[in-house]
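The values are calculated or read from the model by the stated rules, or taken from the named source; none is laboratory data. Here the structure is a predicted model, which means the values were calculated and not measured. Cβ coordinates were reconstructed from backbone atoms using ideal geometry, including for glycine residues, and neighbour counts include every protein chain displayed.
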Amino acid sequence: MARVIAVCNQKGGVGKTTTSVNLGAYLAALGKKVLLIDFDPQANATSALLSNYEGKNVYHGILGNAYHEELIRPTQILNYQIIPSSNDLSGALIELVGLPEREYFLRKFINNIRHNYDYVLIDLPPSLSLLTVNGMVAADEILIPVQAEYYGMEGLGQLLRTVNLIKENLKHPIRITGALITLYDKRERLPRQVAKNLRRNFPYPVFDVEIPRSIHLAEAPSFSQPILIYNPSSPGALAYKRLAEEIIQLELESLPPTNFGNFNV
C-alpha cells in the first residue's frame with residue numbers, strides 16, 4: 001500500500017512543484033513505483049514532465065468522468081507515472097461546493113489505485129482552497145517546502161492550523177513528515193540564519209538536506225525533464241537524491257522489528 005504524501009505550502013514560489021517532480025523521479029530511480037498527481041490548476045508539474053499534454057486529466061477523474069487508466073501517463077523514468085492537471089481543475093472548486101462529502105473526492109479517487117504504487121505524491125496549489133483540503137484529506141503525510149527567506153516562513157503557522165482543523169473536524173489523522181528547506185544559498189548569511197531558526201523552532205522534523213538555489217533546477221521544466229535526466233550531476237540533482245533517500249530511510253525506521261527469536265537453523 002502506497003505512502004500518500006502531499007507536497008504543500010500556501011505560499012507560492014517555494015519550490016513545491018520542483019520538489020514534487022524531482023522527489024518522484026529519484027524515488028523511482030531508487031526502485032520505488034511512484035505516481036505523481038498534479039492537483040494544481042496551474043499544471044506546472046504536468047508541463048515539467050509531459051511536453052504539450054492535452055487530454056483528460058485529474059479533473060475528469062475526481063468527478064467520475066474518466067477511468068484511472070485513461071489518465072495515467074508514463075514519464076521518461078521507469079516506474080514513474082503522472083496523472084496530469086489543467087486549468088479545468090479550477091472549475092472543480094465551484095462544482096464540488098454543493099456536493100456531499102466534498103472534501104473526500106480526491107481521497108476516493110486515490111484509494112482505488114494506491115495499492116499499485118509504493119508512493120503517491122500530490123502536488124497541491126499554493127493556496128488554501130477546497131482543492132488543498134481535498135489533497136490533505138487524501139494524503140497520509142504532508143511534506144512542506146520552505147524557502148530559505150523570512151517571507152518563506154510566513155505561511156507556516158496558517159498551514160499548521162489548517163492541518164489541525166482537518167485532524168479535529170474531519171477526523172483525518174494526517175501527519176507532517178517534515179519541512180524541506182529550499183532555494184538555499186549557504187554563501188549568504190540570511191538563508192543560514194533562516195535554516196537555523198527553522199530547525200530550532202519548527203515543531204516537526206526538518207529534513208537534513210537543503211535544496212540549493214540552482215539554475216539547472218529552474219531550467220529543467222522548460223525541457224519537460226526532471227533534474228535526474230536534465231543534469232544528474234548538478235548540486236540540485238544530488239540534493240533531491242538525498243531527499244529521496246531520507247524519505248525511504250524514514251519508512252525503514254518505521255517498520256516493526258523482525259523477531260527471529262524462534263528461528264532455528
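Could you tell me which residue of segment 231-265 is modelled with the lowest pLDDT, considering only residues that are touching a strand residue (DSSP E or B) at 6+ places or on another chain (Cβ under 9 Å) and of a type in the set (Asp, Glu)?
Ranking the candidates gives 251 first.
Can you tell me which residue is farthest from residue 156 (Cα to Cα) among those in segment 174-221 that are touching a helix residue (DSSP H, G or I) at 6+ places or on another chain (Cβ under 9 Å) and among the small types (Gly, Ala, Ser)?
220
For segment 80-101, how many residues meet the condition of being over 22 Å from residue 36 (Cα atoms) and either part of a helix (DSSP H, G or I) or not aliphatic (A, V, I, L, M) (or both)?
From segment 80-101, those over 22 Å from residue 36 (Cα atoms) are 94-101; that's our starting set.
Retained after the next criterion (residues that are either part of a helix (DSSP H, G or I) or not aliphatic (A, V, I, L, M) (or both)): 94-98, 100-101.
Of the residues in that region, 7 qualify.
What are the pairs, 6+ residues apart or on separate chains, where a residue within segment 134-151 that is at negative phi has its Cβ under 8 Å from a residue that is acidic (Asp, Glu) and buried (at least 17 other Cβ atoms within 10 Å of the Cβ)?
Sorted first by the residue in segment 134-151, then by its partner, the pairs are 134/103; 137/103; 148/210.
Could you list, ordered by first residue, the pairs with Cβ atoms under 9 Å in which the first is in segment 207-230 and closer than 20 Å to residue 193 by Cα and modelled with pLDDT under 95 and the second is surrounded by 20 or more Cβ atoms within 10 Å (Cβ to Cβ) and of a type in the set (Ser, Thr, Tyr), at least 6 apart or interchain?
213/182; 213/184
Within the set of pairs 6 or more residues apart or between chains, which connect a residue that is farther than 14 Å from residue 83 by Cβ inside segment 102-121 to a residue that is at pLDDT 95 or above and outside any helix (DSSP H, G or I) with Cβ atoms less than 6 Å apart?
What qualifies is 118/32; 118/33.
Hey, among 110, 82, 142, 166, which residue is under 20 Å from residue 11 (Cα atoms), modelled with pLDDT of 95 or more and either exposed (fewer than 15 other Cβ atoms within 10 Å of the Cβ) or hydrophobic (A, V, I, L, M, F, W, C) (or both)?
142
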